[in-house]
């Protein structure tokens, strides 16, 4: 039985097309159990995965899904990876699919929204879109490695990225070795 004072934490994890789809999946897998997870997979994401415990997979074309409403009350949303198409739509307020509608709701409700743009190099248009969103308080956090964590393999690198995203969203974790001063 749940405590009446307990507020369930809800997070949306949107996965758009592009390289890095596995990072979105791994982010979802590593979230603490107290988060109710809602997954959106765009039609362009070329991967299929099984529904996991406490995870609901939603169709990106289902604009009437519960998370498309501010009254549903999600706390946070991430878009990992964030395609340049999704970035542009979110920046311009276009809500033509569930991912962009949910992002629009997070912006209007002033909830945590983290975008992990996955492109190299960024065009001037993409940089302008990121700046516009950043000025609105949206977290722009591309998957950039920190070598001070001394990664040994791909899993270490992914854990570092996910850990940094968790830090930005104030989600506790122990996924990477933090920066230390030698005399600590």
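The values are calculated or read from the model by the stated rules, or taken from the named source; none is laboratory data. Because the structure is predicted, anything quoted here is derived from the model rather than measured. Here the Cβ positions follow ideal geometry from the backbone for every residue, glycine too, while neighbour counts run over all protein chains shown.
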Expected output for region 170-184 (first residue on the phi < 0 side of the Ramachandran plot and assigned to a loop (DSSP other than H, G, I, E, B), partner surrounded by 10 or more Cβ atoms within 10 Å (Cβ to Cβ) and at pLDDT below 85, Cβ below 7 Å, 6+ apart or cross-chain) is 176/149; 177/149; 177/150; 179/148
Count of residues meeting criterion [more than 17 Å from residue 116 (Cβ to Cβ) and either part of a helix (DSSP H, G or I) or free of Cβ contacts under 8 Å to residues at least 24 places away in the same chain (or both)] in region 135-166: 9
Any idea which of (1) in contact with a strand residue (DSSP E or B) (Cβ under 6 Å, 6 or more places away or on another chain); (2) buried (at least 20 other Cβ atoms within 10 Å of the Cβ); (3) at pLDDT below 95 is the one residue 97 doesn't satisfy? (1)
For region 2-59, give me every one of the strands (runs of 3 or more DSSP E) that falls completely inside it and has 1 or more residues that are farther than 21 Å from residue 106 by Cβ, more than 17 Å from the chain's Cα centre (by Cα) and modelled with pLDDT of 70 or more. none
When (1) in contact (Cβ under 8 Å) with a residue 40 or more places away in the chain; (2) within 17 Å of the chain's Cα centre (by Cα) are applied to residue 132, the one that fails is (2)
Take the residues in region 135-173 that are under 21 Å from residue 74 (Cβ atoms), out of contact with any helix residue (DSSP H, G or I) (no Cβ under 7 Å at 6 or more places or on another chain) and surrounded by fewer than 16 Cβ atoms within 10 Å (Cβ to Cβ); name whichever of them is modelled with the lowest pLDDT. 172
